[in-house]
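Some notes on the structure that comes next.
Computed from the coordinates by the stated procedures, all read-outs in this text should not be read as laboratory data. As the structure is a prediction and not an experimental result, all values here were calculated from the model. Here the Cβ is made from the backbone with ideal geometry for all residues, glycine too, and neighbour counts use every protein chain on show.
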Amino acid sequence: MDTSVLAVRNLSKSYGRGTARFDALKGVSLQIQAGESLAIVGKSGSGKSTLMHLLALLDTPDGGVLLVKGTDASELSVKQVSRLRNEDFGFVFQQFFLTPNATVLENVVLPLKIAGVGARERKARGMAVLEKLELADKAKNKAINLSGGQKQRVVIARALVNNPTVIFADEPTGNLDTVTGRLVEDILFSLNKEHGITLVIVTHDVELAARCDRRMFIRDGREVQSLQNSENSP
């Protein structure tokens, strides 16, 4: 029985045309199982972020097949893609992408607002995830007034508010100091281990990658190596 939540076969993606054309991905194949943690590792420009954006349905491939829970993503309607991105997927980016002058709670419940959830339920669910991440006391604070570590925890709270099955994290500790970065890592891996959320992390940090169940190394748009981290396996 296939338990993969995401699978790609011979995926390719290019940008630009003619002499300015850049082949970001050149025939990558990959399966991601439900509940696993995967690190996509590579240097800047290797294609790792492009791969994550395709997996997360934030962009579309030029060639190859992308399956989401066994369904060909190219056959999904715009509405279905939007629902997947808003309800099944959670996103944690290095740049935070918070609305600076909105409160912490307002930032966290944004996916619920987009999904049409009522104000009372939005607040209840938003406060529940803030409580989980020890940020309930910051609910009324403006995002602009938070530290880097607090902002990243708010981003994780926003990613969690719709109870996603997959969290995509692109360099989630890139803007944080070592100690704060480790705390953010611990939160992500506890969500993976204790709640079964599939975790896909894009990183060039070898120590962070080593904490995942599996590492996929990518260079010049191609997979060069895939390693199972046996010490993390059940």
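Principal axes first, then extents: for the Cα atoms of the range 1-46, list largest minus smallest coordinate on each axis, whole Å, largest first.
Principal extents (largest minus smallest coordinate, Cα): 44, 22, 11 Å.
Could you work out how far apart the two model spin labels at residue 9 and residue 134 are, taking each label as a point 7 Å from the Cα in the direction of the beta carbon, and quote it in nm?
4.7 nm
Once the other residues with Cβ under 14 Å from the Cβ of residue 15 are scored (Lys, Arg +1; Asp, Glu -1), what is the net sum?
+1
For residue 21 and residue 194, compute 0.36 nm times the residue count separating them, minus their Cα-Cα distance, and round to one decimal in nm.
Result: 57.9 nm gained on full extension.
Would you kindly derive the ³J(HN,Hα) couplings of the range 103-117 from the backbone phi angles with the Karplus curve 6.51 cos²θ - 1.76 cosθ + 1.60 (θ = phi - 60°), listing them in order in whole Hz, with x for Gly and Pro?
6, 4, 4, 4, 5, 5, 8, 3, x, 5, 5, 4, 7, x, 6
Among the aspartates and glutamates, which fall within straight-line cross-link reach of residue 151, defined as a Cα-Cα distance under 16 Å, with same-chain neighbours fewer than 8 residues apart omitted?
106, 131, 134, 137, 170, 171, 177, 185, 186
Need one number: % antiparallel among DSSP beta bridges in the chain, to the nearest 5.
55 percent
Just subtract the alpha-carbon distance of residue 97 and residue 29 from 0.36 nm times their residue separation and send over the number in nm, one decimal.
The span from residue 97 to residue 29 would gain 21.5 nm if fully extended.
So how far apart, in nm, are the two label points at residue 114 and residue 43 if each is 7 Å from Cα heading toward Cβ?
3.4 nm
Once you have the Kirkwood Rh of the range 1-82 from its Cα pairs, apply Stokes-Einstein at 10 °C and 1.306 mPa s and quote D in µm²/s.
Taking Rh from Cα pairs, D becomes 118 µm²/s.
Can you tell me the Rg and the Dmax, both Å, for the Cα atoms in the range 103-234?
Cα only, the range 103-234: 16.1, 49 Å (Rg, Dmax).
Please list the non-local residues whose amide H lies under 5 Å from the amide H of residue 229, H modeled 1.01 Å from N, same-chain partners needing a gap of 5 or more.
214, 215
With contacts defined as alpha carbon pairs under 8 Å and 6 or more residues apart, what's the relative contact order of the range 18-167 in percent?
26 percent
For the range 39-114, restrict the atom set to alpha-carbon positions and state the Rg and Dmax in Å.
14.8, 42
Take the residue pairs 43/132; 69/193; 43/142 and return only those whose Cα atoms are more than 31 Å apart.
Result: 43/132; 43/142 exceed 31 Å.
Starting at the first residue of the range 124-138, write each ³J(HN,Hα) from the Karplus equation 6.51 cos²θ - 1.76 cosθ + 1.60 with θ = phi - 60°, in whole Hz, x for Gly and Pro.
For the range 124-138, the Karplus-derived couplings read 4, 6, x, 5, 5, 6, 5, 4, 4, 9, 6, 10, 4, 6, 9 Hz, x marking Gly and Pro.
Residue by residue through the range 172-189, which ³J(HN,Hα) values in whole Hz follow from phi under the Karplus form 6.51 cos²θ - 1.76 cosθ + 1.60 (θ = phi - 60°), with glycine and proline marked x?
Each residue's phi maps through the Karplus curve to give x, 10, x, 9, 10, 6, 4, 5, 5, x, 5, 5, 5, 4, 4, 4, 4, 6 Hz.
When the chain is treated as a GNM, springs tying every alpha-carbon pair under 10 Å, which of 176, 188, 130 comes out with the largest mean-square fluctuation?
Judging by the Gaussian network model, the answer is 176.
Treating only the Cβ of Lys, Arg, Asp and Glu as charged (+1, +1, -1, -1), what charge dipole size does the chain show about its Cα centre? Round to the nearest 20 debye.
660 debye
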